[in-house]
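The values are calculated or read from the model by the stated rules, or taken from the named source; none is laboratory data. Since this is a predicted model, take the numbers as computed values, not measurements. Glycine gets a Cβ as well: all are built from the backbone with ideal geometry, and neighbour counts include every protein chain shown.
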Amino acid sequence: MAFDNIANLKEKAINIKFLLLDVDGILTDGKIIIDSYGNELKSFHIQDGHGIFLIKSSGIEVGIISGRYSRAVEYRAKELNIEEVHQGVRDKVKIYEEIKAKYKLSDEAVAFMGDDLIDIPLLRKVGFSATTADAVNEVKEIADMITERNGGEGAVREVIDFILKTMS
């Protein structure tokens, strides 16, 4: 885990009530596989899924805000009992503000994990921002936490484990 000040990061993590996730490059490795029938395939890491189960069991909600639309994401979200699923979103901050109002959350109560330029405005708003080892440099420069793992390889679980350990 790369971060400047662990005490500051723990202070931010302890306030989290809602974890928002991008998909491509965060829950997946960012590769898009299209079969000969035009079906889009994605690969999700089982440890991330179990981490989502654990964090939801602790009372922290999880949501998805993705710039792309994929039926595979709908299916995976349903499997993980994620109710807040927003795909094909260009203005992630707008959706974030709607979620924040719906759940009566402050910025400090929300964590977001993103990896690309489209995620920067939201990463700057939330109380706890995280990204992956293979994120674009501009995102790494502003994120509170950079995982040791790449997207789709258990990076989400790394962030979840940090948040949960901070709470205990």
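Descriptive notes on the structure:
- The range 143-168: number of residues that are under 21 Å from residue 61 (Cβ atoms), without any contact (Cβ under 8 Å) to a residue 24 or more places away in the chain and of a type in the set (D, E, K, R): 1
- Residues in the range 1-46 that are part of a loop (DSSP other than H, G, I, E, B), more than 17 Å from residue 87 (Cα to Cα) and β-branched (Val, Ile, Thr): 14, 16.
- Qualifying residue in the range 121-129 (condition: buried (at least 17 other Cβ atoms within 10 Å of the Cβ), in a loop (DSSP other than H, G, I, E, B) and of a type outside the set (Gly, Ala, Ser)): yes
- Scan of the range 1-50 for residues that are among the small types (Gly, Ala, Ser), touching a residue at least 24 places away in the same chain (Cβ under 8 Å) and under 19 Å from residue 72 (Cβ atoms), ordered by number: 25, 30, 43, 49
- Going through (1) within 17 Å of residue 146 (Cβ to Cβ); (2) in a helix (DSSP H, G or I); (3) not β-branched (Val, Ile, Thr) one by one, residue 56 falls short only on (1).
- Taken over the range 71-98, residues that are under 27 Å from residue 162 (Cβ atoms) and assigned to a loop (DSSP other than H, G, I, E, B) amount to 6.
- Any hit, the range 47-57, residues being under 22 Å from residue 110 (Cα atoms), crowded, with 16+ Cβ neighbours inside 10 Å, of a type in the set (S, T, N, Q) and under 13 Å from the mean Cα position of the chain (by Cα): no
- Among (1) at pLDDT below 95; (2) within 14 Å of the chain's Cα centre (by Cα); (3) not aromatic (Phe, Trp, Tyr) - the single one residue 7 does not satisfy: (2)
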